[in-house]
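Here is the structure we will look at, set down as C-alpha cells.
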Amino acid sequence: MRFARLVILGPLVLASWAACSHNEAPTAVTRGGAVSASSIDMLASGLNTPGGTRAVNKFVLSSFDTSVTDAFGRATTNPPHFIADPNGYYGSTPLYLGVGANVGTYTTPNILLPALVDADTVESYNPYGTTAAVTYIVPGGHPGNGGANSWEFWYVLHHLIPGQRYIFGLVRYVLVQRGTLDWSEMLQTGAITQPDSLVFAPADFNPAGNKADDNGYILDCTNPAEGVPVAGANPYFIAGKTAGATSHRVIIDHTVCSDPAWQDGFGGPKSPVGANNAPPTSSQYNFLVVWKAKADSTPDYTQPVWREQIAPVLRAPGQLANNGYAPIPTAALTAAQLVLKPGGVGRADSVKFTATKLMTLAPGAVYQTWLQISGTTTAQKVTGRVIRLKDATVVDTLTGVSEFTLSGGANSARVEFAFAPYDSVAHYDMATLTVASPGGTTLPASQPYWGGGLQKAATKTGSLSLAATFGSFNGGTNTLIWGATGWGAGGLFDNELREVLYRLARPPRGYEYEAWLLNSTDTTKKVDLGSLEALPPSNASLVDADTMSGLPLSGAEITQSGFRDVASDPTYYCSYDLVEVLLRPKVAVPTTVPPTVVLKGTNARVGCP
Amino acid sequence: MNGKFAALLTVGGLTLSVAGLPAQEPGRFQVTPAFGVMRFDRTSALSSSKAGLSRLWGYGSLSALYRVTSGFRAGLYVEGGRATADAFYYPLVLLRYSQTYKLDSLSQRVVVLSYGLAATYDLPLGGKLGPYLRAGVGRHSVFPDVQHTGSTNSVTGAEFSLGGGMGYKTGGGGLVRLELVDNMWSKWDRDRLNPTALAYQNTVFPEDNPDGVGWAKPSIIHNIRFMLGFTFTPSGGGTQ
C-alpha cells in the first residue's frame, strides 16, 4: 500500500507544483522593424453633402376644401391683433389692439347681423396726437398695465350721437349660418351673399356687470369700484358712457379684475377672452360690442355701433365653428394664398430643381430629371432647360434637353420646366435627378436627388421652396436618406496604411465609397486608394455596397469595412497629411477627387523629414 | 497555490479514500494510476498551432473501478494536466499609447482537470494479454491563469470518453495497461480562454490577427489521450 500511495501522490505533488508556475510573456508584433503603428483616427465629416432645392413659382389652385379643420390656417392661441402697441403706451409686450394696425382712424367691420348702426360714421381714433387709434384690451399682468390681476379696456370712439348713451360689453355669441359661412366666403370671394347672424344661445343670456360710467384706471381689486366679473354673465358689461355734446365721442378706460373662473386665452392665464384655436369656456367671451343704450340704460342689442371679434365664433356653447376664427376677415385671399392654406388643393405651375455637388460623369452616363408618383412605378422623363453652375455662377444653359452632363468646371445644375404638361398626364408629386444611360427611356435605378411637394393636397403644407434630399429615392419605396456617418480607426504600420471603418451609411444607389490620400496644401498630391473592402478574411470588394444584401451590409449601413494600402517605403506617406473616405457616383470620371467627404483623418507624418 | 487546483488534490485524495476501503469488499476494487500524453483537439486552442503538428502534453490519471461482474468494472476517474492556450487562436493584444498602437500576442498556461464515472469491459481472450473497452461520462474543468484573467472562474462542461486498451498481467495480481481514449468535450468555446479583455483585442489591424481566430468551432471536440498505467488491488487479493 505504501508503494501504491507513493505512485499516486508523488505525481500529484509534482503536478501541483507545475500548475502553479508560469512564465508567459507577450510577444511583440513587428513589421519592417517597426514595433508600433502611428494612429490615424477617422471621423464623420459631413463636408459638402450633396443637396439642392426644389422650387416652384407658385401653386395653381384647383379647389378649396373648407371641411378641413382650420382650412384657412387662422387658428392660433392669440388672434392676429395681439401685437405690440404701435403707440408705445404699453411698451413692447403684446396686447390686443382692436384696430389691428398702426392706423389713425378705424371703422369696425359690418358684415354680420345684427348689422351695426351708424357704422359708416362711428370710428376709433387717437385723441392724443399719436398715430394708432385707441382700442386696447390689455391683459392682466401686462407690464404696461401694471395691474397683476386686472385687465384694462381703453377705447376711444367718435362720430357718435351727442348725448346718446352707449354700453360697452363682452359677449359670447353663437352663430346662425345662412349659406356659406361668412368667414369662408369672405376669404374665398371677398363678398358676402347671405350674412350670418350672431345670437345669444337660448340658455346663455344673463346680462350683468357695470353699465355705469367707467370709473377710471383703478388697478385695485380690493376697491369695490373696480370692475368685478360676474360668473356666467353674458353679456358682461364693462362700462357705459354718454357721447359728448360737442366732442361726439366717448372714452372709457376701465379695469376689470381677473376672475378665478377664467381660463387660458389670449394674453396669458385667467383671460376673459377665449383662445383663438379653441372654443371660449362658459366664463369667456368672443366679441366686444358697443351698443346704443335704451332710455333705461339697458343696451339695445339690435343696435350695436361697434363690434370686434376677439375669439372664435361658436355654433353652440362650447362648440367651435370651424374656420370662424377671429377676427372676421374683410378681404379675400388670392388664389396663390389660398392654395397654400390647409384647405387648398392645387399643383405647382413650374419647377426649378437644383442639385449640388454633382460630379462629371464618364462617357456613357448622363444626368436625367424624372417626375414620379411616390410609391408607384408611374414616372416620366422631363424635357426642359438646364442651367449648369459652378457653385452659384452660371456656366452655360441648355434648352430643350432631357439629359445632360457637366463641363466647364460645373459642379451643380438647375433644371427648369413647366409642370402643367406633365400634370395633365399624371399627378406627379416628386422630381428626381437620376444617373442614367444616354437616351435611356426607363426610370434609372440611381435616383440620388429628389424633391417632393409638387402637388398641394388638402391638409398638407404647401412650400414654394424645399431642400432637395440626397440618398436613394427608390421610387418612393424603401427610400434611404444619406448622411455621413461612422468612424474609423487604424494607422500607418511601417509601410502599410490600414483603416477599419465602422457603421458607414449604405451609399446611395449608383454610388460608392473610395479612400483617398490627399495633401491639404498641395492639391496635386492625391492618390485614389480605391473602393472599400470587407474586413479579413473575405476582403470582398464593397463597390456594390449600394445593392449588396449580405454582411457587412446590414440594412441601411455597412457595419464594418476598411481599406489597405502598401507602399514600397514608409516615407511614401510623408507626402499626404489627409486620409479621407469620399463618396462618388460609380460612373464618375475616376481621376477627379469626389466632393463629398464622408470620413476624414489626419496623418501626423511621424518620423517624416 | 491556485485554490482550484487544490480541488484536484482533494478529488485525488477522495479517490484514494475510496480505494482505501478494500476490507469491506476484498479484491473487488482496482486502482489504476496512469501517465501519458494528451493531444487536445486542433480547434481547442490547447494543443495545436499554425505549425500544423499536434502538441502533446504530459497527462496523469487515476481511476478506481469496482468489479461488478467478472469482466465489467465501473467506478470513478480523475485526470489532469497542464497545457497552454495558444495565441494562434486569439486576436492580438492592441494597446494604444497616445498616437501609436502596439500589437502583442499572448498565450496562457492553463490546468485541465476532468473527472466522472468510467466503466471497462474486458474482452475474453485469455492469456496474459487482455484487451478491454472503456467508456465514461463526466465533466471537464479548465482553470485559466488567475494572474492573467484576474478571476478564479473556470471553464467547465460535459465530457464523454470512449476508447480501449490492452492489459498485461504481472505477478501478484498486478496489471500493466496501455490505453487510448478519446475524451470528447461538448460545447467547448476556446474564446473563453482568451487571456485578453475584449477592450484590448485587436480590431484595428485585423489582418495581423492569427489565422486561428477564424478557425471553426465544432460543437464537440476530440481530445486523444494515450497512457501507460499500473493497476493493483489495494486489498492485495482478488482476481482479474
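With +1 on each Lys and Arg Cβ and -1 on each Asp and Glu Cβ, how big is the dipole of segment B:103-240 about its Cα centre, in debye rounded to the nearest 20?
It comes to approximately 700 debye.
Nearest 20 debye, what's the magnitude of the dipole of the protein assembly as shown about its Cα centre given +1 on Lys and Arg Cβ and -1 on Asp and Glu Cβ?
Working: 61 positive and 60 negative charges, 705 e Å.
Roughly 3380 debye, rounded to the nearest 20.
Normalised by the residues of chain A, what does the relative contact order come to in percent, with Cα pairs under 8 Å and at least six apart? Please report the intermediate quantities before stating the final value.
Numbers: 1596 pairs, mean separation 100.7, N = 609.
After rounding, I find 17 percent.
Where a Cα-Cα gap under 16 Å defines reach, which lysines qualify for A:Lys352, not counting those fewer than 8 residues away within the same chain?
A:Lys58, A:Lys381
Mind checking which of A:Phe64, A:Ser407, A:Ala245 is farthest towards the positive end of chain A's charge dipole, using Cβ charges of +1 (Lys, Arg) and -1 (Asp, Glu) about the Cα centre?
It is A:Ser407, whose Cα lies furthest towards the positive end.
Using label points projected 7 Å from each Cα along Cα→Cβ, tell me how many nm separate A:Ala362 and B:Thr152, to one decimal.
6.6 nm
In nm, to one decimal, how far is the modelled label at B:His222 from the one at A:Ser67, with both set 7 Å along Cα→Cβ?
7.8 nm
Kindly put A:Ser271, B:Ser47, A:Ser437 in sequence by how many other C-beta atoms sit within 10 Å of each C-beta, fewest to most.
Ascending number of Cβ neighbours within 10 Å: A:Ser437, B:Ser47, A:Ser271.
May I ask for the distance between the Cα centers of segment A:44-68 and segment B:140-187, given as a whole number of Å?
75 Å
Against the longest alpha carbon principal axis of chain A, how many degrees, from 0 to 90 and to the nearest 10, is the axis of helix A:2-20 turned?
In chain A, helix A:2-20 runs at an angle near 60 degrees to the longest axis.
At 10 °C and 1.306 mPa s, what whole-number value in µm²/s does Stokes-Einstein give for the translational diffusion of segment A:224-377, with Rh from the Kirkwood sum over Cα pairs? Could the numbers behind the result be given before it?
On the way: Rh = 21.0 Å.
Answer from the Stokes-Einstein relation: 76 µm²/s.
Write out the trypsin sites (Lys or Arg not before Pro) in segment A:572-609 meeting two conditions: DSSP loop, and at most 15 other Cβ atoms within 10 Å of their Cβ.
For trypsin sites (Lys or Arg not before Pro) across segment A:572-609 that sit outside H, G, I, E and B with at most 15 neighbouring Cβ atoms in 10 Å, the list reads A:Arg605.
Between A:Ile83 and B:Asp182, take the C-beta separation as r, use R0 = 60 Å, and let me know the FRET efficiency to the nearest 0.05.
My answer for the efficiency is 0.05.
When the Karplus curve 6.51 cos²θ - 1.76 cosθ + 1.60 is applied with θ = phi - 60°, which whole-Hz ³J(HN,Hα) does each residue of segment A:444-458 get, with x for Gly and Pro?
x, 6, 7, 10, x, 10, 8, x, x, x, 6, 9, 9, 9, 4
Can you give me the long-range amide H partners of A:Trp151? Hydrogens built in the peptide plane at 1.01 Å from N, cutoff under 5 Å, separation of 5 or more residues or another chain.
A:Val256, A:Cys257, A:Ser258
Straight-line reach only, C-alpha to C-alpha below 21 angstrom: list the lysines that A:Lys526 could link to, leaving out same-chain residues fewer than 8 apart.
Within the straight-line cut-off, A:Lys526 pairs with A:Lys357, A:Lys586, A:Lys600.
For A:Thr242 and A:Ser541, compute 0.36 nm times the residue count separating them, minus their Cα-Cα distance, and round to one decimal in nm.
98.5 nm
Pull out the extension gain between A:Leu551 and A:Gln177, defined as 0.36 nm times the separation in residues minus the alpha carbon to alpha carbon distance; nm, one decimal. Spell out each step's value before the answer.
On the way: separation 374, 0.36 × 374 = 134.64 nm, distance 6.58 nm.
Extra length available between A:Leu551 and A:Gln177 comes to 128.1 nm.
What residues qualify as long-range amide H neighbours of A:Asp65, i.e. H under 5 Å apart, gap of 5 or more or another chain, H built at 1.01 Å from N?
A:Gly344, A:Val345
What is the set of long-range amide H partners of A:Asp429 at a cut-off below 5 Å, with H atoms built 1.01 Å from backbone N?
A:Gln372, A:Ile373, A:Ser374
With charges only on Cβ, +1 for K and R and -1 for D and E, what is the dipole size of segment A:438-532 about its Cα centre, in debye, rounded to 20?
Computed charge dipole of segment A:438-532: roughly 600 debye.
Work out the mean other chain Cβ neighbour count within 10 Å for the residues of B:198-205 and drop it here as an integer.
Average neighbour count from other chains, rounded to a whole number: 4.
Quick one: if you stick a label point 7 Å off each Cα along the C-beta vector at A:Trp487 and A:Gln337, how many nm between them?
Result: 5.3 nm between the two label points.
With θ set to phi - 60°, apply the Karplus curve 6.51 cos²θ - 1.76 cosθ + 1.60 along segment A:424-435 and write out the HN-Hα couplings as whole Hz, x wherever there is a Gly or Pro.
In residue order, the calculated couplings are 6, 7, 7, 7, 5, 10, 9, 9, 10, 9, 10, 9 Hz.
Tell me which aspartates and glutamates have Cα within less than 19 Å of A:Lys292's Cα, excluding those fewer than 8 residues away on the same chain?
A:Asp118, A:Asp120, A:Glu123, A:Asp213, A:Asp214, A:Asp253, A:Asp300, A:Glu308
If you average 1/r across every pair of different Cα atoms in the protein assembly as shown and take the reciprocal, what Kirkwood value do you get, in Å?
Working: mean 1/r = 0.0275 Å⁻¹.
Kirkwood hydrodynamic radius for the protein assembly as shown: 36.4 Å.
Bear in mind these aren't lab numbers, they're just calculated from the coordinates by the rules spelled out. Note that this is a predicted model, so its numbers are computed, not measured. Quick reminder, even Gly has a Cβ in these numbers, built from the backbone with ideal geometry, and neighbours come from all protein chains shown.
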